[in-house]
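The values are calculated or read from the model by the stated rules, or taken from the named source; none is laboratory data. Because the structure is predicted, anything quoted here is derived from the model rather than measured. Please note: Cβ atoms are built from the backbone with ideal geometry, for glycine as well, and neighbour counts cover all protein chains shown. Note: areas computed on protein heavy atoms with side chains; ligands, DNA, RNA excluded. Shrake-Rupley method; radii C 1.70, N 1.55, O 1.52, S 1.80 Å.
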Amino acid sequence: AIDASGTFDSMNPYSRKGRAGALASMMYETLLDGNAPADEYAASYCLLCEKLEYDEGKNWVIFTLRPEAKFSDGTQVTAEDVVFSHNLFLEQGLPSYANAVKQRVIGAEVLDPLTVKFTFAPDISRRSLISQVGAVDVFSKDWFEETGARLDEPRMETSPGSGPYMVDSYDINRRIVYKRNPDYWGKDLPINVGRH
């Protein structure tokens, strides 16, 4: 059990209003997992992606998604979801984040259903660009389009995530119960052995 103090009136950890429940973002995964083992500093490993490639000057990066990666509703995580999530943070995320990213990342495009390319601005430092785009939570484009939900507004309904946990129940301002997703797609990945 995890104990956290404070109240909450939303399960959307990205809302600009209200207060999100503790650990509300843990249901969502990223292309890269930056939770490196204790003996490594600042390392990232592929999580939703199975590989990445970039040019010598790091002007762009291409991520190839794992075909087995699924959201908790059973739908596949696609390159469209990745680009949608990137753009959602630019349009509805914190303005300070959006302004900083727009100066560094000039394009996100779907190359095929499981391949996405990010293009970086010229004449800027290449340090951390790949890990930055690889660290953005990936959401279900279909769920957001079907529900009309916004990233910047509080809500109790959660979008399906691809992570190992899902919301089981909640009692506003009292408790949230998360449960393991019995169908979690990534439970056997080497980076997840012994976790969750």
Quiz item: What are the residues in the stretch 95-105 that are loosely packed, with under 13 Cβ neighbours inside 10 Å and of a type in the set (A, V, I, L, M), if any?
Solution: Ala100
Self-check item: Residues of the stretch 139-190 that turn out to be more than 14 Å from Asp73 (Cα to Cα) and not acidic (Asp, Glu), as a count
Solution: 22
Quiz item: Could you list, in sequence order, the residues of the stretch 125-144 that are of a type in the set (Gly, Ala, Ser), closer than 15 Å to Trp60 by Cβ and at pLDDT 95 or above?
Solution: Gly134
Quiz item: Out of the stretch 64-101, which residues are among the hydrophobic types (A, V, I, L, M, F, W, C), in contact with a strand residue (DSSP E or B) (Cβ under 7 Å, 6 or more places away or on another chain) and without any contact (Cβ under 8 Å) to a residue 40 or more places away in the chain?
Solution: Ala79, Val83
Self-check item: Number of positions in the stretch 129-171 that are open to solvent by 20 Å² or more (accessible area, probe 1.4 Å), farther than 22 Å from Gly21 by Cβ and in contact with a helix residue (DSSP H, G or I) (Cβ under 9 Å, 6 or more places away or on another chain)
Solution: 4
Quiz item: Within the stretch 114-126, can you find the residues that are exposed (fewer than 13 other Cβ atoms within 10 Å of the Cβ) and in contact (Cβ under 8 Å) with a residue 24 or more places away in the chain?
Solution: Pro122, Arg126
Practice problem: Determine, yes or no, whether Glu29 is more than 17 Å from the chain's Cα centre (by Cα) and either without any contact (Cβ under 8 Å) to a residue 12 or more places away in the chain or open to solvent by less than 30 Å² (accessible area, probe 1.4 Å) (or both). | Solution: no
Practice problem: Looking only at the stretch 41-49, decide whether some residue is touching a helix residue (DSSP H, G or I) at 6+ places or on another chain (Cβ under 6 Å) and open to solvent by 60 Å² or more (accessible area, probe 1.4 Å). | Solution: yes
Quiz item: Only one of (1) β-branched (Val, Ile, Thr); (2) more than 19 Å from Glu145 (Cβ to Cβ); (3) outside any loop (DSSP other than H, G, I, E, B) fails for Ile124. Which number is that?
Solution: (3)
Quiz item: Across the stretch 50-70, which residue is nearest to Pro113 (Cα to Cα) among those that are hydrophobic (A, V, I, L, M, F, W, C) and touching a helix residue (DSSP H, G or I) at 6+ places or on another chain (Cβ under 8 Å)?
Solution: Leu65
